[in-house]
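Reading through the structure tokens given below for one structure.
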Amino acid sequence: MWLSRKVTKEMKNKKKAFKAFKSDKSEASYKAYRAANKACKNAIRWAKLENEKEIAKESKTNPKRFFRYINSKKPKSENVGSLKSESGLLLTEDQDKAEILNDYFSSVFIKEKPITGDMKVINKNLLIQSDWLTQDKVLHKLNNVNVNKAPGPDGIHPRVLRELCVEICKPLFLIFQDSFLSGIVPEDWRKADVVPIFKKGLKFVPGNYRPVSLTSVAGKVFEGLLRDNIQEFIGRYNVIGKNQHGFMKHRSCQTNLITFYEEVSRSIDQGVAVDVIYLDFAKAFDTVPHKRLLLKLRKNGLDENACSWIENWLKDRVQRVVINGTFSRWTPVVSGVPQGSVIGPILFNLFINDLEIGIESHVSVFADDTKLGKVIQCEQDVTSLQRDLDKLGDWALKWQMRFNLDKCKVMHFGVKNTQAIYTLNGTELGKSKQEKDLGIIIDFKLTGLSKEIRKVTARSVTFRSLQFGSFCRLHFGDPAVYSANSTGSPNCREKLPKT
């Protein structure tokens, strides 16, 4: 807190001087008041500066305090403003907004088609380890529950589970064990309160919001235990392909971008043309067909206990939208894996894992964000890339996933590029000179990538230099920062353009 004793003293002096001036209205008392006012402002300014320095220094040991401060400086905005219905009516009441968002989120679910004979597989039964579910592991999970997360529809706050972890550890362990062995999931674990998160575009359009599910904390503790075991199984048997970078240990957005564009950049430097196809799945997480997902889980080796539990976890799910404490009606969830669940991301990875089978081009995936890259030196290379797109179209049709064709683009790299035309599901793909890939702006000359690197470097070094200044200077001062090649000396700085 920046309100120190010195600040309090100066504030009292200012108040005292103001009273004296109001009393006699003399020139001397006015000057005394102005001096006291200036001293008070300076004291407040320096107290805030010292407070910001302390927050910056403790950012590693106390990140919660740091981000609380940063968030307090952000402009406050209403999460869900007025929404427009299909009839054009503007909805302002929370109940109406919750219902229209609930209707929209439910409308994207798909009805699954029957499983065909060529999809059926034999279960390999590689999982499960006998010691994956123990009382000690349950206690460890309970002891590490994030108390800052919101509770699910059952109303049990995560702080209750963590504070009473020793007392409830054994009962929960027995519930978890019985649930897994019987394949029956408690009803409360299959309910979700959906919080709408704005993505981009017009705020009054329901389609511009993403659903994030708040589920039972106890259920998420069990999901975490099962997820850990599945991840260990995936790592041991190399189940997930090396080109999937989403929700994988030691992989990230950075590894995805670096490994992909390093090859693109190398080819361009050698004077070779490269074509990159950016693919966009429509509502990928919400449209995963459950029976097909379970088929793939068995194909990848999960044993019957795990598959039966997940099948019941997906069955008869319901959700409702919550806005400012106001709830919509309950709606059945007939497809997809809940966004916000613990086990959902790893299930999606297993579902999409065979996407790249038979693809000759370089595939790079982060969850559902997919791109293909191909060196183009002759007409056969164009034909090969088009053949890969045809295979992906067939894959999507077979597994009931849908491409958002308006957002699927091709970018041509290299001065000698022939600007070939490509199609997906019979639709010609639009050409793009600039795309946003995992948050980074990429253009056909790769100049955007170097700009982003400069931005990251500048922000990194600016934050490091906070010991010499304050957050106020960071945001409103002259954007002079240390260059990436400097040794940290204040005499070795370069001016960067404002971002």
Handout entry: Residues located in segment 426-454, provided they are at pLDDT 90 or above, of a type in the set (S, T, Y) and within 26 Å of the chain's Cα centre (by Cα)
Key = S432
Completion exercise
For segment 252-283 the number of residues that are outside any helix (DSSP H, G or I) and surrounded by 19 or more Cβ atoms within 10 Å (Cβ to Cβ) is 9
Exercise for the section: Please determine, by comparing only the residues of segment 365-380 that are touching a residue at least 24 places away in the same chain (Cβ under 8 Å) and acidic (D, E), which one is surrounded by the fewest Cβ atoms within 10 Å (Cβ to Cβ). Expected result: D369
Handout entry: Tally of residues being within 27 Å of the chain's Cα centre (by Cα), over 13 Å from L142 (Cα atoms) and buried (at least 20 other Cβ atoms within 10 Å of the Cβ) across segment 153-184
Key = 1
Practice task
State whether one or more residues within segment 377-392 are part of a loop (DSSP other than H, G, I, E, B) and within 25 Å of the chain's Cα centre (by Cα).
Solution key: no
Problem - Every pair of residues 6+ apart whose Cβ atoms lie under 8 Å, when the first sits in segment 346-363 and is touching a residue at least 24 places away in the same chain (Cβ under 8 Å) while the second is polar (S, T, N, Q) and assigned to a helix (DSSP H, G or I) - result: I346/Q231; E360/S384; S361/S384
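Among the residues of segment 35-48, count how many are surrounded by 13 or more Cβ atoms within 10 Å (Cβ to Cβ) and more than 15 Å from S4 (Cα to Cα).
3
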Practice task
Exactly one condition in (1) in contact (Cβ under 8 Å) with a residue 12 or more places away in the chain; (2) touching a Phe, Trp or Tyr at 6+ places or on another chain (Cβ under 7 Å) is not met by N208; state its number.
Solution key: (1)
Completion exercise
Reported set for segment 302-346 where residues are of a type in the set (D, E) and at negative phi is D303, E304, E311
Completion exercise
Of the residues in segment 267-311, those that are without any contact (Cβ under 8 Å) to a residue 12 or more places away in the chain and not acidic (D, E) come to Q270
Problem - Scope segment 1-60; condition of a type in the set (G, A, S), assigned to a helix (DSSP H, G or I) and under 25 Å from N71 (Cα atoms); matching residues - result: A43, A47, A56
Exercise for the section: Sort through S486, S465, S460 and tell me the only one that's modelled with pLDDT under 90 and touching a Cys at 6+ places or on another chain (Cβ under 6 Å). Expected result: S486
Exercise for the section: Test N51 against the criterion of being in contact (Cβ under 8 Å) with a residue 24 or more places away in the chain, under 26 Å from D193 (Cβ atoms) and surrounded by 13 or more Cβ atoms within 10 Å (Cβ to Cβ), and give yes or no. Expected result: no
Problem - Neighbours by Cβ (under 8 Å, 6+ apart or cross-chain): first from segment 179-192, free of Cβ contacts under 8 Å to residues at least 24 places away in the same chain and within 18 Å of C307 (Cβ to Cβ); second among the aliphatic types (A, V, I, L, M) and not in a helix (DSSP H, G or I) - result: none
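Let's see how each residue does on (1) under 17 Å from K111 (Cα atoms); (2) among the aromatic types (F, W, Y):
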{"site": "W309", "(1), (2)": "no, yes"}
{"site": "K315", "(1), (2)": "yes, no"}
{"site": "V321", "(1), (2)": "no, no"}
{"site": "W330", "(1), (2)": "no, yes"}
{"site": "P338", "(1), (2)": "yes, no"}
{"site": "S341", "(1), (2)": "no, no"}
{"site": "G344", "(1), (2)": "no, no"}
Fill in the blank from the handout: Being crowded, with 18+ Cβ neighbours inside 10 Å, over 29 Å from P332 (Cβ atoms) and touching a Lys or Arg at 6+ places or on another chain (Cβ under 9 Å) narrows L142, L133 down to just L142
Problem - Any helices (runs of 4 or more DSSP H) falling wholly within segment 132-240 and containing at least 2 residues that are closer than 30 Å to V365 by Cβ - result: 217-237
Completion exercise
If we ask which residues in segment 284-298 are outside any loop (DSSP other than H, G, I, E, B) and either hydrophobic (A, V, I, L, M, F, W, C) or touching a His at 6+ places or on another chain (Cβ under 9 Å) (or both), their number turns out to be 5
Exercise for the section: Scan segment 84-107 for residues that are surrounded by fewer than 16 Cβ atoms within 10 Å (Cβ to Cβ) and either in a loop (DSSP other than H, G, I, E, B) or free of Cβ contacts under 8 Å to residues at least 60 places away in the same chain (or both) and report the count. Expected result: 8
Problem - Residue check for G219: in contact with a strand residue (DSSP E or B) (Cβ under 9 Å, 6 or more places away or on another chain) and farther than 18 Å from S328 by Cβ - result: yes
Practice task
Evaluate segment 358-366: report whether one residue or more is more than 23 Å from D178 (Cα to Cα), in contact with a Lys or Arg (Cβ under 8 Å, 6 or more places away or on another chain) and among the charged types (D, E, K, R).
Solution key: yes
Handout entry: When residues of segment 319-356 are limited to those that are outside any helix (DSSP H, G or I), within 23 Å of the chain's Cα centre (by Cα) and of a type in the set (A, V, I, L, M), the one surrounded by the most Cβ atoms within 10 Å (Cβ to Cβ)
Key = V321
Exercise for the section: Considering each residue of segment 184-208, count those that are closer than 14 Å to A98 by Cβ and in contact with a helix residue (DSSP H, G or I) (Cβ under 6 Å, 6 or more places away or on another chain), and give that number. Expected result: 2
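The values are calculated or read from the model by the stated rules, or taken from the named source; none is laboratory data. All values derive from a computational prediction rather than experimental measurement. As a convention, Cβ positions derive from the backbone with ideal geometry for all residues, glycine included, and neighbour counts pool all protein chains shown.
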